[in-house]
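The values are calculated or read from the model by the stated rules, or taken from the named source; none is laboratory data. Note that the coordinates shown come from a computational prediction; the quantities given were computed from them, not determined experimentally. Neighbour counts run over all protein chains shown; Cβ positions are idealised from the backbone, glycine included. Quick note on the areas: whole protein, heavy atoms, side chains included, nothing else; ligands and nucleic acids left out. Shrake-Rupley method; radii C 1.70, N 1.55, O 1.52, S 1.80 Å.
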Amino acid sequence: MPPRILAVGEVAEGSLTKLSTEVATVARKLAEAAGGEAVGLVVDAAPDQAAAELATYVPKVVAVTNPALSNEVPAPHVAAEVARLLEEGVTHVILGVSQDGRDVAGTLVGLTGLGLLANADSVEWQDAAPVSRASVLAGKAITSSTFTGARGIVTLRPGVVTAEAAPSAGSVETRDPAAPAVPAPKVLDRVEEAGAQVSLEDARIVVVGGRGVGSPEGFRMVEELAEALGGVVGATRASVDAGWIPYARQIGQTGRVVKPALYLGLGVSGAMQHRVGMQASQAIVIVNRDPDAPIADVADLFVVGDLFEVAPALTAEIRARRGG
Amino acid sequence: MQILVLTKPVPDPAAGAERLGPDLRLDRAASPTVVNGNDEYALEAALQLVEANGGEVIVLSMAPANAAETMRKALAMGAARGIHVTDPALEGADMPTTIAVLAAAAKQEPFDLLLAGIDTSDGTGGAVAAGVAARLGMPLLSAAASIEPDAGAGTVRVKRLSAKGYDVIEAPMPAVIACTQALGAPRYPSLKGIMAARSREIASRSLADVSAEVAPGDGWATKVLEADAPPARAAGRVVQQPAAEAAKTVVDFLADRRII
């Protein structure tokens with residue numbers, strides 16, 4: 001039986017997320033390589049726009065209008081739809097590594113007993129099965145893994161593939177919602193916090209303040225440099241634990257994993273916990289007083305100096321070059 | 001209030017000695033072992049909830065036989081007792097098996113809340129808490145930055161971190177909560193706690209004891225085909241210049257790489 005690969009789409013403010021366009025691209029390419037079929041899924045209170053967007057990547061999309069998603073956590077509902085599609089012949093499920101994607105993946109593993117290949121950097125079809133490559137053990141090894149059976153679940157990290165639309169748009173089939181197998185928590189309130197608007201994972205340039213920044217006031221200097229560069233601000237665990245910046249900005253093992261075109265670190269020492277979250281960045285520039293800081297191992301350019309002098313000079317130089 | 005906390009013994013990230021063995025599984029002898037960092041945040045939150053509401057904290061691990069010593073650190077922080085599921089048949093267990101075994105062991109202990117770290121430093125699939133919740137038919141409250149149970153109403157309220165801030169979510173208890181560092185730093189065990197932990201029970205349970213419906217003989221659902229070392233980074237350039245000059249050097253570098 002030819003494989004059927006499901007791309008699980010996520011919706012943010014009515015639109016398909018960027019990560020979901022990447023997931024859909026991977027699902028379509030896997031299906032093409034396997035001689036199978038790619039299917040997309042969107043579950044939302046108002047799924048139409050996101051479903052139409054997903055149909056530009058895969059030949060067929062299942063859109064489920066589920067009013068419960070306006071005030072309930074989506075994972076149990078999405079897992080119920082995926083479980084139904086698995087019963088109908090879907091063989092492999094691809095989800096993005098987001099909080100909801102991880103929750104759906106875990107729920108599905110619990111419900112179905114299927115295997116999970118988590119945090120894939122790439123997925124390719126080899127010898128009748130998908131093979132996932134992932135960085136493990138704090139970046140010390142890259143493993144290639146597969147399923148021993150004919151079905152399984154993969155989660156794909158953000159930004160590891162470039163989304164590519166299909167040559168022609170696919171069709172959208174609408175369905176009524178399936179009942180969730182596990183209770184969905186109610187969402188009582190959605191609170192937006194300042195400084196959390198731009199996703200760290202999506203940013204092309206990330207300017208990171210570490211322990212050396214020293215204070216919340218020090219972070220203003222980091223913010224100014226990020227603004228001059230058109231980037232976003234990230235943080236290390238030390239600066240988050242010190243309360244200088246919210247946890248949502250943390251990069252590393254217990255925070256976000258980023259892979260921007262430029263990582264610019266100020267006063268970052270480079271604890272292993274942090275390096276795991278940034279060492280795949282395309283270019284790494286560090287400003288630090290201590291030339292022996294462990295972050296030097298991954299730096300392309302290491303400026304030995306006082307960040308309180310270098311960072312403002314850098315902000316001024318960038319503004320000058322940009323004629324601003 | 002009874003709180004179960006999943007605590008996974010993992011290689012100490014600070015030691016930086018993690019490696020895969022020739023069988024492409026984690027070489028557990030290569031590194032000192034600690035309680036997974038995110039699980040310690042879960043444990044701290046559990047201890048604070050019990051201090052405020054009464055009850056006890058029980059730590060639950062599925063780990064090799066020698067992991068009991070690592071679990072004892074969790075007891076030294078203040079957990080009342082431990083359950084250690086250990087069985088040679090579980091060596092190298094995959095995600096569905098781990099989830100099934102932990103859920104089966106949890107089922108034997110009535111609880112109001114089951115807490116776990118949002119992911120583990122040696123696995124990072126971040127799927128175990130959700131899987132255990134699904135197996136138990138309980139709600140999952142993930143990415144928790146605060147936990148407020150309401151014993152009267154029988155519900156628990158959680159601040160769930162979102163891309164833009166947080167959502168306030170609520171579900172009936174018993175429930176499963178995946179915990180983040182935003183809950184607050186774990187305490188250090190006191191000398192008194194370390195002494196008390198010596199006499200606290202860590203009950204050892206085999207696969208048969210927990211009656212998990214898993215069949216390890218059938219083989220695991222996933223397998224590692226090969227492992228490579230990550231590509232080496234070319235040595236970087238180090239400069240030490242006055243600030244204005246250093247700024248020019250950085251901007252030239254960025255222009256050269258077409259970043260700006």
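When the residues of region A:33-90 are filtered to those that are among the polar types (S, T, N, Q) and assigned to a helix (DSSP H, G or I), the one that is nearest to A:Leu114 (Cα to Cα) is A:Ser70. Of the residues making up region B:47-84, those that are part of a strand (DSSP E or B), open to solvent by less than 40 Å² (accessible area, probe 1.4 Å) and in contact (Cβ under 8 Å) with a residue 60 or more places away in the chain number 3.
Table: residues versus (1) farther than 19 Å from A:Val182 by Cβ; (2) more than 13 Å from every other protein chain (Cβ to nearest Cβ); (3) of a type in the set (S, T, N, Q); (4) surrounded by 22 or more Cβ atoms within 10 Å (Cβ to Cβ).
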| residue | (1), (2), (3), (4) |
| --- | --- |
| A:Val26 | yes, yes, no, yes |
| A:Ala50 | yes, yes, no, yes |
| A:Val58 | yes, yes, no, yes |
| A:Asn66 | no, yes, yes, yes |
| A:Glu72 | no, no, no, no |
| A:Ala83 | no, no, no, no |
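Filtered by the rule that a residue be touching a Pro at 6+ places or on another chain (Cβ under 6 Å) and aromatic (Phe, Trp, Tyr), region A:231-284 gives a lone residue, A:Trp244.
Could you tell me whether B:Glu44 is closer than 23 Å to B:Ala196 by Cα, within 14 Å of chain A (Cβ to nearest Cβ) and in a helix (DSSP H, G or I)? Yes; evaluated as a whole, the condition is true for this residue.
Filtered by the rule that a residue be under 15 Å from A:Gly252 (Cα atoms), facing another protein chain (nearest Cβ under 10 Å) and not β-branched (Val, Ile, Thr), region A:276-289 gives A:Gln279, A:Ala280.
Residues in region B:106-131 that are within 18 Å of B:Ala143 (Cα to Cα) and more than 7 Å from chain A (Cβ to nearest Cβ): 9 in all.
Rundown of residues vs (1) at the interface with chain A (Cβ under 7 Å from one of its Cβ atoms); (2) open to solvent by 80 Å² or more (accessible area, probe 1.4 Å); (3) hydrophobic (A, V, I, L, M, F, W, C); (4) at positive phi, yes/no style:
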| residue | (1), (2), (3), (4) |
| --- | --- |
| B:Ser190 | no, no, no, no |
| B:Ala196 | no, no, yes, no |
| B:Leu207 | no, no, yes, no |
| B:Val214 | no, no, yes, no |
| B:Ala235 | no, yes, yes, no |
| B:Ala244 | yes, no, yes, no |
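Here A:Ala38, A:Ala12, A:Ala33, A:Ala46 are screened, and the one residue that is among the hydrophobic types (A, V, I, L, M, F, W, C), open to solvent by 30 Å² or more (accessible area, probe 1.4 Å), under 22 Å from A:Ala79 (Cβ atoms) and out of contact with any Gly (no Cβ under 8 Å at 6 or more places or on another chain) is A:Ala12. Within region B:88-109, being modelled with pLDDT of 95 or more and more than 21 Å from A:Thr112 (Cα to Cα) holds for B:Gln108, B:Glu109.
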